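Undergrad: Sharing a structure, written as structure tokens. Questions coming.
The values are calculated or read from the model by the stated rules, or taken from the named source; none is laboratory data. None of these values were measured; they are calculated from a predicted model. Cβ sites come from the backbone with ideal geometry, for glycine too, and all protein chains shown count toward neighbours. Only protein heavy atoms, including side chains, enter the accessible area calculation; ligands, DNA and RNA are left aside. Shrake-Rupley method; radii C 1.70, N 1.55, O 1.52, S 1.80 Å.
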Amino acid sequence: MSKKIIGIDLGGTTVKFAILSSEGDIQQKWSIETDISEEGTKIVPSIIASIKKHIEMYDMSTGDFLGIGMGSPGTVDAENGTVIGAYNLNWKTLQMVRQQIEEGTGIPFFIDNDANVAALGEAWRGAGESEPDVVFLTLGTGVGGGIIVDKKLVHGATGAAGEVGHITVEPNGFQCTCGKTGCLETVASATGVVHLARDLSESYAGDSKLKYSIDDGQLITAKDVFDLAKEEDPLALIVVDKVAYYLGLASSHLANILNPSTIVLGGGVSRAGDILTKSIQPYFEQYTFPTIRKSTKIRLALLGNDAGVIGASSLVKSSLEG
């Protein structure tokens, strides 16, 4: 029997686990709640306990596994296997994650930032179609990303490569949580789309269900904006066009520099579907030079919630092969 891999996607609400084949096929899946109490000190022990329990449950042993891969929020030092500053996990101090998990399970452990790991998953088994050069943008509460060049993640000098959410797309734009103004995150994240809708509705004078909802003090979401755009609500169409402009502009910068085969859009906002990619394409073409325009595709992510565990398994594979 060929050896298996355990993939872990560590989130602020749940920890998702999977046992996968070495080719990235999910064979078993489960999850546990993330217990962030007591400064997150219970998280790693609960991960170790869950792994041991399931290895026993499936009548397997530690020798059946090539390794464990994990995607984690926060600043991850992939080389040393540590995490710091994962505030949604209550991890304010340096966490010796690899040391604890290897000692607790006896299985080799590999870790990277959660957005990087999701990028690996989509590049390997998702919309990237195993191409060697792929850029991944995750459009959720914030905007994250991962850059893969020649099948390897780009980390940069301090591990901050792939912070695509902080590309400046509007120099005099909204204030970002990072301290800069006009970041992509302020206009293309789920909260950014709503911020943009509220801002544009102030100067919009026509008839619009979206404007009525905003003026009426109703809470709106990015999904509401895209759903109304699909119904051809005039203000919603303006908002979506503006979001697409910013995403097209940022994607063109990434493509002109990196020349990837594919830019993959994931995260909650990407669930808007084809209306998003079709709106982005004209702006992307406007700002890319001809070679890039012809060779780089913009696609929606395919793996959904499985991107993290699949990417984590590929972390093991690439680390052992490399």
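Undergrad: For the pairs 53/92; 4/317; 230/294; 230/278; 223/297; 16/53, note any where the Cα-Cα span goes beyond 18 Å.
TA: Pairs exceeding 18 Å: 53/92; 230/294; 223/297.
Undergrad: A follow-up question, please. Contact order normalised by length for the chain, with contacts defined as Cα pairs under 8 Å and 6 or more residues apart; what percent is it?
TA: Over the chain, the number comes to 20 percent.
Undergrad: Tell me the label only: which of [x] 41, 20, 18; [y] 27, 24, 19; [z] 37, 22, 17 is semi-axes √(5λ) of the Cα gyration tensor in Å as calculated from this structure?
TA: [z]
Undergrad: For n ≥ 4 DSSP H runs only, could you compute -39500 (n - 2.57) per run for the chain, divide by its residues and tell me the 222 nm figure to the nearest 500?
TA: The helix contribution divided over the chain gives -12500 deg cm²/dmol.
Undergrad: Okay, moving on. Averaged per residue, what accessible area in Å² does the range 65-158 show with a 1.4 Å probe, protein chains only? Display every interim value, and only then the final one.
TA: Details: 3740 Å² over 94 residues.
Value returned for the range 65-158: 40 Å² of accessible area per residue.
Undergrad: Tell me, what is the 1.4 Å probe accessible area of residue 98, in Å² to the nearest 10?
TA: Accessible surface of residue 98 is approximately 50 Å².
Undergrad: Then there is this: Looking at the range 75-146, which GluC sites (Glu not before Pro) are in a loop (DSSP not H, G, I, E or B) and have at most 14 other Cβ atoms within 10 Å?
TA: Loop-located and lightly packed - 79.
Undergrad: Here is a follow-up. Can you tell me the FRET efficiency between residue 212 and residue 295 if r is taken as the Cβ-Cβ distance and R0 is 41 Å, rounded to the nearest 0.05?
TA: So, using R0 = 41 Å, E works out to roughly 0.40.
Undergrad: Just 217, 162, 145 to compare: in a GNM of the chain, with alpha carbon springs under 10 Å, which one fluctuates most?
TA: It is 217.
Undergrad: Something else now. For the chain, set up a GNM with springs between Cα atoms under 10 Å and report which of 134, 240, 154 has the largest fluctuation.
TA: Maximum fluctuation in the GNM of the chain, among the listed residues, is at 154.
Undergrad: Still on this structure, I have one more. Rounded to the nearest percent, how much of the accessible area of the chain (1.4 Å probe, protein heavy atoms only) is carbon and sulfur?
TA: That fraction is 51 percent.
Undergrad: Taking springs between alpha-carbon atoms closer than 10 angstrom, which of 245, 204, 287 fluctuates most in the Gaussian network model of the chain?
TA: The residue that fluctuates most here is 204.
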